[in-house]
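Visitor: The structure is given below, and queries will be raised subsequently.
The values are calculated or read from the model by the stated rules, or taken from the named source; none is laboratory data. What you see is a predicted model; the values in this text were computed from it and never measured. In this analysis, Cβ positions are derived from the backbone assuming ideal geometry, glycine residues included, and neighbour counts consider all displayed protein chains. For accessibility, only protein heavy atoms count, side chains too; no ligands or nucleic acids. Shrake-Rupley method; radii C 1.70, N 1.55, O 1.52, S 1.80 Å.
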2 protein chains.
Amino acid sequence: MRQEGKKNLRWNTMKILAVGFLGVILIGAVLLWLPICNEKPISFLDALFTSTTSVCVTGLITIVPKYQFTIVGKVVLLLLIQIGGLGIVACVAAFFMIMRRKITLKERIVIQETYNMDSLGGLVGMVRRILLGTLVVEGAGAVLYAIQFVPDFGLLKGVWYGVFHSVSAFCNAGIDILGEDSLAKYVTNPLINITTMLLITLGGIGFTVWYDVVDNGKRIRRHEVPRKWWFTRLRLHTKIVLVTSLVLFLLGTILTFILEYNNPDTIGNLSIGQKFMASAFQSVTTRTAGFFTFPQAGMHEETGFLSTILMFIGASPGGTAGGLKTTTFAMLFLAFLTMLRGGHDIECFGRKIDENNFRVGFVAIMLALGVYIIGTTAIAVIEPDNIGFQRIMYETASAFATVGLTADLTTKLHTGSKIVLMILMYIGRVGPMTIALLFAGKVNLKEKLRTLPSERIMIG
Amino acid sequence: MRQEGKKNLRWNTMKILAVGFLGVILIGAVLLWLPICNEKPISFLDALFTSTTSVCVTGLITIVPKYQFTIVGKVVLLLLIQIGGLGIVACVAAFFMIMRRKITLKERIVIQETYNMDSLGGLVGMVRRILLGTLVVEGAGAVLYAIQFVPDFGLLKGVWYGVFHSVSAFCNAGIDILGEDSLAKYVTNPLINITTMLLITLGGIGFTVWYDVVDNGKRIRRHEVPRKWWFTRLRLHTKIVLVTSLVLFLLGTILTFILEYNNPDTIGNLSIGQKFMASAFQSVTTRTAGFFTFPQAGMHEETGFLSTILMFIGASPGGTAGGLKTTTFAMLFLAFLTMLRGGHDIECFGRKIDENNFRVGFVAIMLALGVYIIGTTAIAVIEPDNIGFQRIMYETASAFATVGLTADLTTKLHTGSKIVLMILMYIGRVGPMTIALLFAGKVNLKEKLRTLPSERIMIG
Ligand SMILES: [K+]
Ligand SMILES: [K+]
């Protein structure tokens, strides 16, 4: 009975998410379509694409925001990114809080499900902390950016640029209003590089992770927990996210550094330190941010391929990321090692990973691969052959994992391909699992309890 | 104790396979290197590559066999293909049988393990049947081919061409001695098309499958089993192989037909019936055969991509195929559907698929993807960017799944890339699982029986 209730709840949460995102995208498209938002005429398709890319915090664009939108349009863009980044649910909760309306138990459970919280207790507190944390981090980011942007663009514009790009980086949207080549102008600027990498990472690891780290830090300061337990006392989820993010960061940085070392189209002409900083930035940005400091179409094909895989893995759940997610990747990798050795339990940091976790992860990667293959094939069918298949693979992974890095392809695509990319961004943001379960919802209730006789088949 | 013995046995089987293939490849390379085998000088690398491609029944080539080898060289080639196709183990067993030496129990078990037979009983009978079956099918194929080749090339050459291509097709080697464009000359010839497709399919579904089908047919003729049970009485393995092969065949045919319909570089200039036959041939050949009737580099990028996926899936275990294998693919797909619906048991044709089957299949796909990604990246690093990434993906999948279809790339590759392809062919033929277990062998014995407390993480 309780199980049934929990299932319905999960169902409702998913419906709210899926429909909520869709609603905000459509409202955003209409707003961005209005003449007051635009410096020059815009087609509804481009307005819809821009709204989708903002709400899904992807960052692939068909127009150049700097020249296309008026200041009103840019503010609308910023709001769409912030809503997309925080997630519809947190926004609704914040709205209720501001309205001082009491949140019903059912609404609480929906919010809790979305963020995978353990207890209902501190829900209002949690939403307040999410909003407060977002405000503090984005504020700090805006100040750091402004140190560079105010001298570059003057006081008013500099502050506005600081705010816009801080929000865009923290929400991992990767949308900029600087022009056509993202942060390429600042490839050698440590302040912009480090600020952006920090904002992306804080936004990408997910709310639950930073609260766990902050809470643990508090306990250590209050001497409730010895300092040496700063890592061991974290939740398993937090540990996996931190370690996987670090490993992927190092892997991406080293591989980009080695493979692109002599490539004049990317980092070949920089000093060694700058090469390293640019490689680190490239690695961080594939964790679904989408800003770039060197042209993505300039990369060697092998680097592009590895970046495609890094993008596909994406960032962490409970944050602003799309893609397969770091935890899913880490868990599948651990499962692979365990099963290769003939072991049974998937172990990690002295804990056994729940059997059901593995099953969900397996479904997640199969779904992600399926959606990715179908999307890539569809765009390849629509576009002519000479466009370059690797660029299509790159752009499709970028859309699905809501990364937004582009190999200069999105602007050149036909209408059909743009629609495919929009669908991929939406599925990537809402989660392929959510979409699949919405369609398979009815079947879900028909639990099969029978067991058939088993028979072995030949594998591999 | 018995479990331990079985493990050691599996270990020995794998070692025999891995070392046996390697030995035959090296002997073949030395033979093909001899002046008596060659019309013109050959580098040892090319001889090694040709030996590898023959023993691993792949078919990617760096030279043109027709012009490179003398008749002696071509006979060596044929023997290498036949040994590779039948598998080292069956060859050794046949050798012992011919020598009239009694096969020891241990040797029997090794052969049984390799072919996944259920009982030890009919081992000698089984090997005899494999050899007899191979002889009969290849003989019939040679006769059918000769009907075309004798008028084309004269009696002696026509019969020899019939034998060579029948063996090459049945072993799914895809190596020809007709020239540079495989069976392209016969694209509109139904006899050559249908004979080749039948040989490929019979060779690709695996010995266990055809014996199951033949035995079942015999039981029906003897009225031991009613005719309507011709399918239900087959083993689960047989059913999965037949259905999956059929589904993949239809899928490949229809997609190739639709996507290439108007492409003048492939099937665009043929009549509707011929387009259909050429599409069917293309679909069958991706089941790891490697012959082709239209140039693979002429395909649209999307068709090439889908062919890459079809090749990666490969043919069935217990046959001559590399790749992921049809059964692994089908089982993972069923597991995906089951888990998406929240079910527990993977069901198929009224049977439950063994839990361990799923674990092995999961390891198999992760290994296959890992090997494939590393191989593709390595070749992309070695070759310049303008070579086209999709062609590298195509060639790598073709090598790993021992298919042998080429997008006109293999001959143009640098030495490093050729070595990568050889390693991929070897891993693909011996099986990535075998290789991995040989390396992880020691770990395999440390069974972990402890159970840690479990903890949930966020997925997807
Ligand atoms: K993004
Ligand atoms: K082959």
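Visitor: Quick check on my filter: what residues within the range B:411-426 are in a helix (DSSP H, G or I) and not hydrophobic (A, V, I, L, M, F, W, C)?
Guide: Within the range B:411-426, B:411, B:412, B:415, B:416, B:417, B:418, B:426 meet the criteria.
Visitor: Sticking with this one: Could you say whether any residue in the range A:292-305 is at pLDDT below 90, within 19 Å of the chain's Cα centre (by Cα) and at positive phi?
Guide: Among the residues of the range A:292-305, not one is at pLDDT below 90, within 19 Å of the chain's Cα centre (by Cα) and at positive phi, which makes the answer no.
Visitor: For residue B:284, work out the one condition from (1) more than 15 Å from ligand 2 (Cβ to nearest atom); (2) more than 24 Å from residue A:372 (Cα to Cα); (3) modelled with pLDDT of 90 or more it doesn't fulfil.
Guide: (1)
Visitor: Being out of contact with any Ser or Thr (no Cβ under 7 Å at 6 or more places or on another chain) and either in a helix (DSSP H, G or I) or within 14 Å of another protein chain (Cβ to nearest Cβ) (or both) is the filter here, so list the residues in the range A:280-294 that pass it.
Guide: A:285
Visitor: Out of the range B:160-176, which residues are within 19 Å of residue B:68 (Cβ to Cβ) and not in a helix (DSSP H, G or I)?
Guide: B:173, B:174, B:175, B:176
Visitor: Moving on to the next point. Inside the range B:142-159, can you point out the residues that are without any contact (Cβ under 8 Å) to a residue 24 or more places away in the chain, assigned to a helix (DSSP H, G or I) and not charged (D, E, K, R)?
Guide: Matches in the range B:142-159: B:143, B:146, B:149, B:150, B:151, B:153, B:155, B:156, B:158, B:159.
Visitor: Within the bounds of the range B:336-343, is there any residue that is at the interface with chain A (Cβ under 8 Å from one of its Cβ atoms), part of a helix (DSSP H, G or I) and touching a residue at least 12 places away in the same chain (Cβ under 8 Å)?
Guide: no
Visitor: Another question, then. For the range B:374-385, give me each residue that is within 7 Å of chain A (Cβ to nearest Cβ) and open to solvent by 10 Å² or more (accessible area, probe 1.4 Å).
Guide: B:377, B:381, B:385 - these are the residues of the range B:374-385 that are within 7 Å of chain A (Cβ to nearest Cβ) and open to solvent by 10 Å² or more (accessible area, probe 1.4 Å).
Visitor: Taking residue A:352 as meeting all but one of (1) touching a Leu at 6+ places or on another chain (Cβ under 8 Å); (2) open to solvent by 30 Å² or more (accessible area, probe 1.4 Å); (3) farther than 27 Å from residue A:211 by Cβ, write down the number of the exception.
Guide: Only one criterion is unmet by residue A:352, namely (3).
Visitor: Taking the condition of being more than 13 Å from residue B:398 (Cβ to Cβ) and crowded, with 24+ Cβ neighbours inside 10 Å, how many residues in the range B:318-328 meet it?
Guide: Number of matching residues: 7.
Visitor: Just checking, does the range B:8-26 include any residue being modelled with pLDDT of 85 or more and outside any helix (DSSP H, G or I)?
Guide: Checking the range B:8-26: not a single residue is modelled with pLDDT of 85 or more and outside any helix (DSSP H, G or I).
Visitor: Now for a different question. Taking the range B:416-429 as the search range and keeping residues that are open to solvent by less than 10 Å² (accessible area, probe 1.4 Å) and touching a Gly at 6+ places or on another chain (Cβ under 9 Å), which one is farthest from residue B:363 (Cα to Cα)?
Guide: Across the range B:416-429, the extreme among qualifying residues is B:421.
Visitor: Taking the range A:347-364 only, how many residues are more than 7 Å from chain B (Cβ to nearest Cβ) and closer than 14 Å to residue B:358 by Cβ?
Guide: Of the residues in the range A:347-364, 2 are more than 7 Å from chain B (Cβ to nearest Cβ) and closer than 14 Å to residue B:358 by Cβ.
Here's the yes/no breakdown for (1) of a type outside the set (A, V, I, L, M, F, W, C); (2) open to solvent by 10 Å² or more (accessible area, probe 1.4 Å):
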residue	(1), (2)
A:135	no, yes
A:140	no, yes
A:143	no, yes
A:147	no, yes
A:152	yes, yes
A:158	yes, no
A:165	yes, no
A:170	no, no
A:174	yes, no
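Visitor: Of all residues in the range A:392-408, which are more than 9 Å from chain B (Cβ to nearest Cβ) and either open to solvent by 20 Å² or more (accessible area, probe 1.4 Å) or more than 16 Å from ligand 1 (Cβ to nearest atom) (or both)?
Guide: Result: A:406, A:408.
Visitor: Inspect all residues belonging to the range A:315-322 and state whether any of them is within 26 Å of residue A:282 (Cα to Cα) and of a type outside the set (Gly, Ala, Ser).
Guide: yes
Visitor: A follow-up question, please. How many residues are out of contact with any helix residue (DSSP H, G or I) (no Cβ under 8 Å at 6 or more places or on another chain) and assigned to a helix (DSSP H, G or I) if we restrict to the range A:261-277?
Guide: 3
Visitor: Now, a different point. Tally the residues that are at pLDDT below 90 and among the hydrophobic types (A, V, I, L, M, F, W, C), restricting the search to the range A:61-77.
Guide: Of the residues in the range A:61-77, 3 are at pLDDT below 90 and among the hydrophobic types (A, V, I, L, M, F, W, C).
Visitor: Sticking with this structure for a sec: Might you let me know whether the range A:225-242 holds any residue that is surrounded by fewer than 17 Cβ atoms within 10 Å (Cβ to Cβ), within 13 Å of another protein chain (Cβ to nearest Cβ) and touching a Gly at 6+ places or on another chain (Cβ under 7 Å)?
Guide: No: zero hits.
Visitor: Taking into account only those residues within the range A:356-404 that are assigned to a loop (DSSP other than H, G, I, E, B) and without any contact (Cβ under 8 Å) to a residue 60 or more places away in the chain, which is nearest to residue B:392 (Cα to Cα)?
Guide: Ranking the qualifying residues of the range A:356-404, first place goes to A:388.
Visitor: State the number of residues belonging to the range B:177-224 that are open to solvent by 60 Å² or more (accessible area, probe 1.4 Å) and part of a loop (DSSP other than H, G, I, E, B).
Guide: Adding up the residues that qualify gives 6.
Visitor: Just to be sure before I move on: is residue A:308 farther than 30 Å from residue B:334 by Cα, more than 8 Å from chain B (Cβ to nearest Cβ) and either more than 16 Å from ligand 2 (Cβ to nearest atom) or outside any loop (DSSP other than H, G, I, E, B) (or both) in the structure I sent?
Guide: Answer is no for this residue.
Visitor: While we're on this one: Inside the range A:317-335, can you point out the residues that are facing chain B (nearest Cβ under 9 Å) and free of Cβ contacts under 8 Å to residues at least 40 places away in the same chain?
Guide: A:325, A:328, A:332, A:333, A:335
Visitor: Can you run down the residue pairs with Cβ atoms below 6 Å, 6 or more apart or on separate chains, where the first is in the range A:36-48 and aliphatic (A, V, I, L, M) and the partner is at pLDDT 90 or above and open to solvent by less than 80 Å² (accessible area, probe 1.4 Å)?
Guide: Filtered contacts from the range A:36-48: A:36/A:72; A:47/A:29; A:47/A:32; A:48/A:29.
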